[in-house]
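Novice: First the structure, which I've put down as structure tokens, then a few questions once you've had a look.
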Amino acid sequence: MHSDSVRPAVTELRLSAFKSHRGVTLPLSPLTLLSGGSGSGKSSALQAYEILARLGSGEPLSRAVGEVAGSPAACVPAGAHPDGQGRRGFRIGCTVDGPAGPVSLDLAVQAEPELRIVGERLTGGGETLLTTALTDPTRPAVQAAWHTAGATPVTRAPLPDDRLGTSLLPLRVAGKTAGQRLVLAAAEQVVVALRSAFVCDPRPEVMRGAGVGGTGVAGEGDGRGTDGGGPGAGRAGRAAGARGGAAGAGRGKAVSAPGRARGPGGAGAAAGAAGAWGARARRTSGGEAGGWGREAGEPRDEGRLRSSCDNLPMVLQRTSRECARRHAVLVAAVRGACAGPVEGLRAVPWEPGGTGDGPAGAPAAAGRGGSTGPHGVQGAGDAAGAAGVRAVLDRGELGELPVEQLGDGELRFLALALVLLTGPDVLAMDPVGEVPSAHQQMTVMADGMDRCMDRRQARELVSLAVRMTERGHVRLLGTVRDPSVADGLPGVQVLHLGA
């Protein structure tokens, strides 16, 4: 069970029964674009991938589904009828290739009347490595059995029904037998690949509203609440399940689902779902970041790009200093996508309340006041040092142009190009710190990749993606309206949905 590939990557996405998809298998290459008309299921495919990625990062099922799809019922295939007990659900899965060879993960999720994972299967090397099944509907647990190949062929134990069992295996498997080591290698490969995903959706309206100061409102770029919080809380706190196995296991944090309470035992162990590959806190210019976001009250990490790219100026300030070569490539790419001359791109001090048309010579005053929202997240007038930076284009004889004055397509191009040219340390995601970077591949997920762009801009962006994916450290899964933007470009796989 070995492969020449040393970087785990999702090579197949299965939508057995998910939204508009039934029995659909999507092969994923390093650069895959999904195309199709409205309602063909392009966005749904990315949502299924994101749900798997969140579960692999240690998030509870309610958060993984709620943040992505809005409600569990929204994931149920159209026309699916409930059984005699009123149960309906969905099924998704993936194949991950890497050092352990192809490993397949398949999930059966009950969406109604209550959300729970009712079945999970992990297979690889011709062996069934893990299975789970719901044996007692009155308990918030499933019966799990994993490959041992020792004196006892299979080990059985209960696991919580709101967590991905594969991500919990490092907490339960000792690795003493060859069979157990096979299970651990397969589980690690799947979790590393799923955790290495970054969902990017640059939002020009948010980038303009908050981007001049580089701060914005935490979570505003996503506009969705955490579990237990309403709209506006955004991605705050999504990393709780992926922030270190020991801390999660010790806290025993309760997670509630409609109609039943989860006790501290199962949920506490599950809170440390990442186990040996739990989130390693990375300190950068703005504090700590991990998982899919920041818990309310944590230090803002302005040096790491968020999904909505509302803190782009602060990230540009960091990246331009850290890697001049990559920054030069970014400038060249922006030059090819923007109307008018582009001599350079930089972050400059900006004084709130100044002229508004260009950068001022003095930085923002410390401790600029801001409002506090209902979830305790400070508003756009944020903390000292977080505001006071503006990104500008140097247009030579035409002077400097603040990037927030660019068109929507130009802004989205700039943000997506920056994502493709950076990596986990620069993005607001959970770096897999326990695995050497040379053995990792980051997967960028971009729904509506060519949104707001003309054909020239979209083709320039895909061309940049081709160059970056050829290096082997970045993969891209995106959706496009016009698949012809990839015509003639090497290494691009276009999958037409709904045909």
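The values are calculated or read from the model by the stated rules, or taken from the named source; none is laboratory data. All of these numbers come straight from a predicted model, not from anything done at the bench. Please note: Cβ atoms are built from the backbone with ideal geometry, for glycine as well, and neighbour counts cover all protein chains shown.
Conditions (1) in contact with a Gly (Cβ under 7 Å, 6 or more places away or on another chain); (2) at pLDDT 95 or above; (3) of a type outside the set (S, T, N, Q); (4) under 22 Å from E12 (Cβ atoms), marked per residue:
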| site | (1), (2), (3), (4) |
| --- | --- |
| T148 | yes, no, no, no |
| P160 | yes, yes, yes, no |
| L171 | yes, no, yes, no |
| G175 | no, no, yes, no |
| V183 | no, yes, yes, yes |
| V190 | yes, yes, yes, yes |
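Novice: Of the residues L159, L129, which single one is in contact with a His (Cβ under 6 Å, 6 or more places away or on another chain), outside any helix (DSSP H, G or I) and surrounded by 15 or more Cβ atoms within 10 Å (Cβ to Cβ)? Walk me through how you get there before you give the answer.
Specialist: Numbers: L159 fails: in contact with a His (Cβ under 6 Å, 6 or more places away or on another chain).
Within the list L159, L129, the selection yields L129.
Novice: Can you tell which of S16, S29 is of a type outside the set (F, W, Y), within 20 Å of Q440 (Cβ to Cβ), out of contact with any helix residue (DSSP H, G or I) (no Cβ under 6 Å at 6 or more places or on another chain) and surrounded by fewer than 21 Cβ atoms within 10 Å (Cβ to Cβ)? I'd like the intermediate steps shown before the answer.
Specialist: Numbers: S16 fails: within 20 Å of Q440 (Cβ to Cβ).
The conditions single out S29.
Novice: Somewhere in region 388-405, is a residue in contact with a Pro (Cβ under 7 Å, 6 or more places away or on another chain), at pLDDT 95 or above and more than 20 Å from E343 (Cβ to Cβ)?
Specialist: The answer is no, given that none of the residues of region 388-405 is in contact with a Pro (Cβ under 7 Å, 6 or more places away or on another chain), at pLDDT 95 or above and more than 20 Å from E343 (Cβ to Cβ).
Novice: Would you pick out the residues in region 474-484 that are outside any strand (DSSP E or B) and either among the acidic types (D, E) or in contact with a helix residue (DSSP H, G or I) (Cβ under 8 Å, 6 or more places away or on another chain) (or both)? Before you say what the answer is, go through the steps one by one.
Specialist: Within region 474-484, the first condition is being outside any strand (DSSP E or B), and the residues that meet it are 480-484.
Of everything in region 474-484, those that are outside any strand (DSSP E or B) and either among the acidic types (D, E) or in contact with a helix residue (DSSP H, G or I) (Cβ under 8 Å, 6 or more places away or on another chain) (or both) turn out to be V480, D482, S484.
Novice: Any chance region 66-74 includes a residue that's hydroxyl-bearing (S, T, Y) and within 24 Å of R475 (Cβ to Cβ)? Let's see the steps before the verdict.
Specialist: First pass over region 66-74, keeping only residues hydroxyl-bearing (S, T, Y): 71.
With the extra rule that they be within 24 Å of R475 (Cβ to Cβ), the set shrinks to none.
Within region 66-74 (the criterion being hydroxyl-bearing (S, T, Y) and within 24 Å of R475 (Cβ to Cβ)), the answer is no, since none of the residues qualifies.
Novice: Does V206 qualify as being under 26 Å from T135 (Cβ atoms), at pLDDT 90 or above and surrounded by fewer than 24 Cβ atoms within 10 Å (Cβ to Cβ)?
Specialist: Numbers: under 26 Å from T135 (Cβ atoms): no; at pLDDT 90 or above: yes; surrounded by fewer than 24 Cβ atoms within 10 Å (Cβ to Cβ): yes.
No; evaluated as a whole, the condition is false for this residue.
Novice: Go through region 78-93 and report how many residues are out of contact with any Asp or Glu (no Cβ under 6 Å at 6 or more places or on another chain) and assigned to a strand (DSSP E or B). Spell out the reasoning first.
Specialist: Filtering region 78-93 down to residues out of contact with any Asp or Glu (no Cβ under 6 Å at 6 or more places or on another chain) leaves 78-87, 89-92.
Then keep just the ones that are assigned to a strand (DSSP E or B); that gives 89-92.
Adding up the residues that qualify gives 4.
Novice: Can I ask one more? Can you tell me how many residues in region 192-203 are part of a helix (DSSP H, G or I) and either modelled with pLDDT under 90 or crowded, with 24+ Cβ neighbours inside 10 Å (or both)? Even if it seems obvious, please write down each step before you answer.
Specialist: Start the filter on region 192-203 by keeping residues that are part of a helix (DSSP H, G or I), which leaves 192-195.
Remaining after also requiring either modelled with pLDDT under 90 or crowded, with 24+ Cβ neighbours inside 10 Å (or both): 193-195.
The qualifying residues number 3.
Novice: Follow-up question, since we're still on this one. Inside region 4-41, can you point out the residues that are acidic (D, E) and part of a strand (DSSP E or B)? Before the answer, list the steps.
Specialist: Step one: list which residues in region 4-41 are acidic (D, E), which gives 4, 12.
Residue satisfying the conditions is E12 alone.
Novice: Further question on the same structure: Only one of these conditions is not met by G175: (1) assigned to a loop (DSSP other than H, G, I, E, B); (2) buried (at least 21 other Cβ atoms within 10 Å of the Cβ). Which number is it?
Specialist: So the condition that G175 fails would be (2).
Novice: In region 57-73, is there at least one residue being of a type outside the set (S, T, N, Q), outside any loop (DSSP other than H, G, I, E, B), in contact with a Gly (Cβ under 6 Å, 6 or more places away or on another chain) and surrounded by 16 or more Cβ atoms within 10 Å (Cβ to Cβ)? It would help to see each step written out before you state the result.
Specialist: The first filter runs over region 57-73 and keeps only residues of a type outside the set (S, T, N, Q), leaving 58-61, 63-70, 72-73.
Subsequent filtering for residues that are outside any loop (DSSP other than H, G, I, E, B) retains 61, 63-69, 72-73.
Still in the running and in contact with a Gly (Cβ under 6 Å, 6 or more places away or on another chain): none.
Taking every residue of region 57-73 in turn, none turns out to be of a type outside the set (S, T, N, Q), outside any loop (DSSP other than H, G, I, E, B), in contact with a Gly (Cβ under 6 Å, 6 or more places away or on another chain) and surrounded by 16 or more Cβ atoms within 10 Å (Cβ to Cβ).
Novice: Only one of (1) within 30 Å of M449 (Cα to Cα); (2) in contact (Cβ under 8 Å) with a residue 24 or more places away in the chain fails for A141. Which number is that?
Specialist: Here A141 meets the rest and fails (1).
Novice: When you scan region 8-20, how many residues do you find that are touching a Lys or Arg at 6+ places or on another chain (Cβ under 9 Å) and not β-branched (V, I, T)?
Specialist: Of the residues in that region, 6 qualify.
Novice: Tally time: how many residues in region 464-483 are farther than 25 Å from D425 by Cβ and either in contact with a strand residue (DSSP E or B) (Cβ under 7 Å, 6 or more places away or on another chain) or of a type in the set (S, T, Y) (or both)? Lay out the reasoning, then the answer.
Specialist: We begin by selecting, within region 464-483, every residue farther than 25 Å from D425 by Cβ; these are 479-483.
Cutting the leftovers down to either in contact with a strand residue (DSSP E or B) (Cβ under 7 Å, 6 or more places away or on another chain) or of a type in the set (S, T, Y) (or both) gives us 479-480, 483.
Number satisfying all stated conditions: 3.
Novice: Does any residue of region 443-455 turn out to be over 17 Å from L312 (Cβ atoms), modelled with pLDDT under 95 and not in a helix (DSSP H, G or I)?
Specialist: no
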